[in-house]
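Q: This is the structure I have questions about; it appears just below.
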Amino acid sequence: MARSGAARFDRAFNLAMALLAWLVALLVVGMIGWIVADLLCQGLPQLSWAFLLELPGDAGRSGGIRPILISTLLILGVCLAVSVPIGLATAVFLAEFQRGPRGFGRLVRYSLDTLAGVPSIVFGLFGNAFFSISLGLGFSILSGGLTLACMVLPMLIRSMETALRAVPTEHRLAAAALGLPQRVSLLHIVLPAAAPGLAVGMILGIGRALAETAALLFTSGYVDRLPNSLLDSGRTLSVHIFDLAMNVPGGASQASATALVLVALVLLINTFTGWAARRWLACLAFPAL
């Protein structure tokens, strides 16, 4: 009798947990659907090829977002070109050579966790003082990209380290038993096995970089003209949305259309990043003979 009662309780508990999980999942999907539907209702009528290819006019109330879109891609490119190699190298160092809870690795992890909680406006002030003023880069795409790289590095390193640590130790031991050098084991066994987690880390970094506004106001600038080089100032999509929504009367529809483009850009880049990471790491795992 006691076992029967315990079994019924376990089934009821499992059913309740399953229903709760489905409820939370539906709530998240519903919130995302609500946001996307609102953006589609307000911004879709404004979307066209002209909106993507023309220059903005009348403080953003008319025209398009071509220079804003180009500036966003350039700043994101600088950010990823700096943060991904440094982040991956640091994650490999922490996961493969500093696995213990003590020593220098512990100090690095504590520093990264602290930096991950620093508000973005603080990174903006740092980027303005160091990159814009001390290094003489001014308000430029380069200053904005380097500041974003500093912002995303803590999250990028920790997520990549977690992905590398999730690879079973048996993989490394088997490679060592076969006499493979650690470099070969890392490139052709550990990294391919950690590919999904590494891709997630990159996607999180890209998402935070594209959504950032406060830090870029102090580093990349506010102008909406077409940049001629990385040393020119440039306005990103997030800054453009903020300006239209807060400072430009009658700019709500343009802001919604720009937000819709930003969401589509995030989805497109995330999809491409996941595909590229799988292809690249598959080539490392099975190199051509």
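The values are calculated or read from the model by the stated rules, or taken from the named source; none is laboratory data. All values derive from a computational prediction rather than experimental measurement. Ideal geometry is used to build each Cβ from the backbone, glycine not excepted, and the neighbour counts take in all protein chains shown.
Q: For His171, which of the numbered conditions (1) farther than 24 Å from Cys79 by Cα; (2) assigned to a helix (DSSP H, G or I); (3) touching a residue at least 24 places away in the same chain (Cβ under 8 Å); (4) not aliphatic (A, V, I, L, M) fails to hold?
A: Going through the list (1) farther than 24 Å from Cys79 by Cα; (2) assigned to a helix (DSSP H, G or I); (3) touching a residue at least 24 places away in the same chain (Cβ under 8 Å); (4) not aliphatic (A, V, I, L, M), His171 breaks only (3).
Q: Residues to consider are Ile75, Ile32, Ile86; find the one that is modelled with pLDDT under 90, in a helix (DSSP H, G or I) and closer than 30 Å to Asp113 by Cα. Can you show your working first?
A: Working: Ile75 fails: modelled with pLDDT under 90; Ile86 fails: modelled with pLDDT under 90.
Result of the check over Ile75, Ile32, Ile86: Ile32.
Q: OK, next. Can you work out which of the residues in the range 1-60 that are among the aromatic types (Phe, Trp, Tyr) and within 30 Å of Arg225 (Cα to Cα) is surrounded by the most Cβ atoms within 10 Å (Cβ to Cβ)? Full working, then the answer.
A: First pass over the range 1-60, keeping only residues among the aromatic types (Phe, Trp, Tyr): 9, 13, 22, 34, 49, 51.
Cutting the leftovers down to within 30 Å of Arg225 (Cα to Cα) gives us 49, 51.
On the way: Trp49: 8, Phe51: 20.
By that ranking, first place goes to Phe51.
Q: Looking only at the range 152-168, which residues are part of a helix (DSSP H, G or I) and β-branched (Val, Ile, Thr)?
A: Val152, Ile157, Thr162, listed by residue number.
Q: Another question about this same structure. I need a count of the residues in the range 184-243 that are not β-branched (Val, Ile, Thr) and not in a helix (DSSP H, G or I).
A: The qualifying residues number 18.
Q: Just the residues that are out of contact with any strand residue (DSSP E or B) (no Cβ under 8 Å at 6 or more places or on another chain) and modelled with pLDDT under 85, please, taken from the range 51-61.
A: Answer for the range 51-61, where residues must be out of contact with any strand residue (DSSP E or B) (no Cβ under 8 Å at 6 or more places or on another chain) and modelled with pLDDT under 85: Asp58, Ala59, Gly60, Arg61.
Q: Given the structure, is Ala95 crowded, with 19+ Cβ neighbours inside 10 Å, at pLDDT below 90 and either within 22 Å of Val223 (Cβ to Cβ) or not hydroxyl-bearing (Ser, Thr, Tyr) (or both)?
A: yes
Q: Next up: Of all residues in the range 89-106, count the ones that are under 17 Å from the mean Cα position of the chain (by Cα) and in a loop (DSSP other than H, G, I, E, B).
A: So the count comes out to 0.
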